[in-house]
Amino acid sequence: MCPLPVGNAGELERRRERRAAAARPLAGVGLGMAGAAAVARLLSRELYGVGPADPLTYAAVAVVMAIVTMAACFVPTYRAMRVDPLIALRQE
C-alpha cells in the first residue's frame with residue numbers, strides 16, 4: 001500500500017513520500033522481471049515472434065509497469081498532502 005500523508009507537508013516531507021512511493025513499485029518491477037525471466041524458459045515453446053530473453057520486450061513491460069504503479073501511488077499521495085488536517089479530522 002502506498003503511504004498517504006495528511007496535511008500540508010514541507011518540501012522534505014514531500015520528497016520523502018515520493019521516494020517511499022517510488023521504492024515499492026520499482027522493487028516489484030525488479031522482482032517481476034526476475035520471475036518472468038525464470039518462467040520464460042519454461043514457456044519458450046508458447047512464445048511466438050519473440051525469444052524467451054528478448055530485451056526489448058522486458059524493457060517495454062518494465063517501463064509500462066513502473067509508470068502505471070508509480071502513478072497509482074503518486075496521485076493519491078499528492079491529493080492527500082493537499083488536505084488540511086483540521087478539515088479532514090472535522091469530517092470524521
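When R16, R45, R79, R41 are checked against the criterion of being surrounded by 11 or more Cβ atoms within 10 Å (Cβ to Cβ) and charged (D, E, K, R), R16 stands alone in meeting it.
Could you please let me know if P52 is surrounded by 14 or more Cβ atoms within 10 Å (Cβ to Cβ) and assigned to a loop (DSSP other than H, G, I, E, B)? Yes: the conditions hold for P52. Exactly one of these conditions fails for I67: (1) under 27 Å from E11 (Cβ atoms); (2) of a type outside the set (F, W, Y); (3) at pLDDT 80 or above; (4) surrounded by 13 or more Cβ atoms within 10 Å (Cβ to Cβ). Give me its number. I67 satisfies all of (1) under 27 Å from E11 (Cβ atoms); (2) of a type outside the set (F, W, Y); (3) at pLDDT 80 or above; (4) surrounded by 13 or more Cβ atoms within 10 Å (Cβ to Cβ) except (4). Return the residues of region 13-31 that are under 15 Å from A72 (Cβ atoms) and in contact (Cβ under 8 Å) with a residue 24 or more places away in the chain; say none if nothing qualifies. E17, R18, A21, A22, R24, P25, L26, G28, V29 - these are the residues of region 13-31 that are under 15 Å from A72 (Cβ atoms) and in contact (Cβ under 8 Å) with a residue 24 or more places away in the chain.
The values are calculated or read from the model by the stated rules, or taken from the named source; none is laboratory data. Just so it is clear, the structure is predicted and the values come from calculations on it, not from any experiment. Cβ atoms come from the backbone with ideal geometry, glycine included; neighbour counts cover every protein chain shown.
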